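For reference, the structure is listed below as structure tokens.
Bear in mind these aren't lab numbers, they're just calculated from the coordinates by the rules spelled out. Bear in mind that the values here come from a model prediction, so they are computed numbers and not experimental data. With ideal geometry, Cβ positions are generated from the backbone for all residues, glycine too; neighbour counts draw on all protein chains shown.
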Amino acid sequence: MKPFDYIAVETIAEACDVLAEHGADATVLAGGTDLLIEFRRTSAKLPKVVVDVSGVGELSGIVESNDAIVIKPLTTHSELMRSEALRKFAPLLVSATASIGSLQIRNRGTVGGNIMNAAACADTVPPLIALGATVTLQSKTGCREMELASLFLKPYQTKARPDELLTAIRFSKRPPNAHSAFIKLGRRNALFIARLSVAAMLETGEDGKIVDARIVPGAAFPIWRRATEAEQMLIGAKPTEKLFAAAGQKVSEAMIKETGRRWSTEYKEPVLAVLVRRALERCGLVAQVSKPAVSPTSKSAGHDHTPGISRFQRQAGLETRATIPAGSIKRETGRASSECAIATTINGRSHTLSIPANRTLLDLLRDDLGLAGTKCGCEIGECGACTVLLDGEPVNSCLVLASQIAGREVTTVEGLAQNAKLDPLQKSFLDHDAVHCGFCTPGMLISARALLDQNPHPNETEIRAAISGNLCRCTGYQQIIDAVEKAAPHCRSVASGVSPDVEDGILPSGMASDISRASELATTSPPGRMPSSTAGQRPAVT
Ligand SMILES: Cc1cc2nc3c(=O)[nH]c(=O)nc-3n(C[C@H](O)[C@H](O)[C@H](O)COP(=O)(O)OP(=O)(O)OC[C@H]3O[C@@H](n4cnc5c(N)ncnc54)[C@H](O)[C@@H]3O)c2cc1C
Ligand code: FES
Ligand code: FES
């Protein structure tokens, strides 16, 4: 990654001052899951100054009032999924966020970043437009509010000026007779970008006729918009399958009118019509919409995607995480610099570090601290080999700037074994032959450890969901799933202070050699990058 200057801010006012000073030379950094990939592109024009707003507490959280919901832009996708208010008043948004990337991506990626990146396939945008959301842009000179639908100029370009910060996303609560659905079409079951998506919302009157209809396709029109042609067909009519099919056809025709016929039209034309029909049908199925399925699932081309929330995700907390109190992040703030001084904790050990601004957490761990257990695979958030825990949540360390771990706690695979005793999960991986080349193992162990910390009784679906952001190219997933399942009771015992595997510090037979084998796996195997045969590999899980 080319060098840049970095500045961490802790308040909106501070962010606006810095943006006003640096103008088009500055770029706002939130979770970094889009931006760091962009920074790595050799052809990318890097900003001179990266303004890290991730420590601005007032930009995080969800506020519910009597008639409206305000989502602050730094709220992560995982936090959106856990919000009771959203589950009640915006289930289609919860479904959309549940389908985003992997758990690692959802733990870092923010709703504000998703909107401002303005990719045609951004999953939160169609549901938010269907909800009638407005956005607030703030600068040193004031605030302006606009409809989300009118924020976009074209893919990857918004109307926000370089000195403006997105500070709020607001929508009115829908009435109880509003039914909604979100459907996403992708190629695989996890880590898939929308080929097409549809957010739909219907309200019916006492006579059963439709009084309000909203249909917003994703990745279909050049710019997001409501499919008003089809919406008008629905208003005043009684919902029927035939009517919904006709509406689907209308949306498909509108797409072709605007985009023209292209290579993708052959499948998009019929598929969009079907997705719209299904989304509208699903609006009538209140139970399915308000009670999502057990785990985030999707089906491949031609099938619905009905992502839900696993028990693991539910247990992680029902409301959004408390906002970060301003001033709680331990790092230098206030001036742009190519070098950052941070205080952080890694595997329980405090570190005070001075690091180049463009260093990722992955680089820091492997190259600077010699913690080579964390592997470097794709560096674009897809393989999960670099997974570590950041304040207990799995994240891709290749997509976190090292400066962003200031004041936070990182756990790598080296931090799992305690007092020369393997974590029961590590032992279980060895016992169940869940390790072949070992490249994915540290990331798998970290994802599985996070699952067991939150959910001591995971079922197979939940285990598959938890490791769906980790690719394995050689073991096959079943042994890994078995290892996690079998380790669960032992991990519970360890948490309660009694380990059935280790008594009074004496290692059971075979354990000592297990430790040396595991530490070898954690630190040396295989050193560099994931072999190229992994590229494009599809996970066979969830
Ligand atoms: C492996 C992988 C899978 C993914 N899967 C999906 C998916 O399924 N669906 C999907 O929609 N996305 C997906 N994404 C994209 C990405 O994770 C999301 O778009 C995420 O929400 C971006 O949020 P962020 O906080 O990481 O943004 P960042 O990368 O920090 O920023 C993105 C852009 O928004 C701007 N920005 C951020 N916050 C503000 C603000 N408050 N004010 C002004 N500008 C701001 C930044 O300057 C930048 O231009 C995926 C990404 C990866 C790497
Ligand atoms: S996800 Fe980070 S290296 Fe692949
Ligand atoms: S053991 Fe999973 S990639 Fe080899």
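Taking the Cα centre as origin and putting +1 on Lys and Arg beta-carbons and -1 on Asp and Glu beta-carbons, what dipole magnitude results for segment 149-261, to the nearest 20 debye? Show your work: numbers first, answer last.
Values: 19 positive and 11 negative charges, 92 e Å.
In debye, rounded to 20, segment 149-261 gives about 440.
Roughly how many nanometres apart are two label points built 7 Å out from the Cα toward the Cβ at D17 and K88?
Distance between the two pseudo-spin positions: 3.9 nm.
What does the C-alpha gyration tensor say about the overall shape of segment 355-410? Classify as rounded when a/c is under 1.5, otherwise prolate if a/b is larger than b/c, or oblate.
Values: a/c = 1.41, a/b = 1.15, b/c = 1.23.
Rounded, because the longest to shortest axis ratio a/c is under 1.5.
From the square roots a ≥ b ≥ c of the eigenvalues of the alpha-carbon gyration tensor of segment 118-164, which class results: rounded (a/c under 1.5), prolate (a/b over b/c), or oblate?
oblate
About its Cα centre, what dipole magnitude does segment 16-94 give when the only charges are +1 on Lys and Arg Cβ and -1 on Asp and Glu Cβ, stated in debye to the nearest 20? Write out the running numbers ahead of the final one.
Working: 8 positive and 11 negative charges, 78 e Å.
The dipole magnitude comes to about 380 debye.
Which of the lysines could a cross-linker span from K48 if the Cα-Cα distance has to be under 26 Å and same-chain partners fewer than 8 positions apart are dropped?
Once the sequence-local lysines are set aside, what remains near K48 is K2, K140, K154, K159, K330.
If the label point is 7 Å along Cα→Cβ of Q478, which residues in segment 384-411 have backbone nitrogen under 20 Å from it?
Counting only backbone N, you get no residues.
Need the full-extension length gain, K159 to R262, defined as separation in residues times 0.36 nm minus the C-alpha distance. One decimal, nm.
Numbers: separation 103, 0.36 × 103 = 37.08 nm, distance 2.77 nm.
Gain on stretching K159 to R262: 34.3 nm.
Rounded, prolate or oblate: which fits segment 49-153, taking a ≥ b ≥ c as square roots of the Cα gyration tensor eigenvalues, rounded meaning a/c under 1.5, else prolate when a/b beats b/c?
Numbers: a/c = 1.30, a/b = 1.15, b/c = 1.13.
Rounded, since a/c falls under 1.5.
State the extension gain, in nm to one decimal, for the chain segment bounded by R41 and H351, taking 0.36 nm per residue of separation less the distance between their alpha-carbons. Provide the component values of the computation, followed by the final result.
Details: separation 310, 0.36 × 310 = 111.60 nm, distance 3.06 nm.
So the extension gain works out to 108.5 nm.
If the chain between A420 and R335 were fully stretched, how many nm would it gain, using 0.36 nm times the residue separation less the Cα-Cα distance?
Here the segment from A420 to R335 would lengthen by 26.3 nm.
Once the Cβ-Cβ distance between A68 and E269 is put in as r, and R0 is 35 Å, what FRET efficiency do you end up with, to the nearest 0.05?
On the way: r = 38 Å, r/R0 = 1.08.
That pair, A68 with E269, gives E of 0.40.
How do the peptides 236-247, 98-109, 402-413, 6-17 rank, highest first, by the average count of neighbouring beta carbon atoms within 10 Å per residue?
98-109, 402-413, 6-17, 236-247
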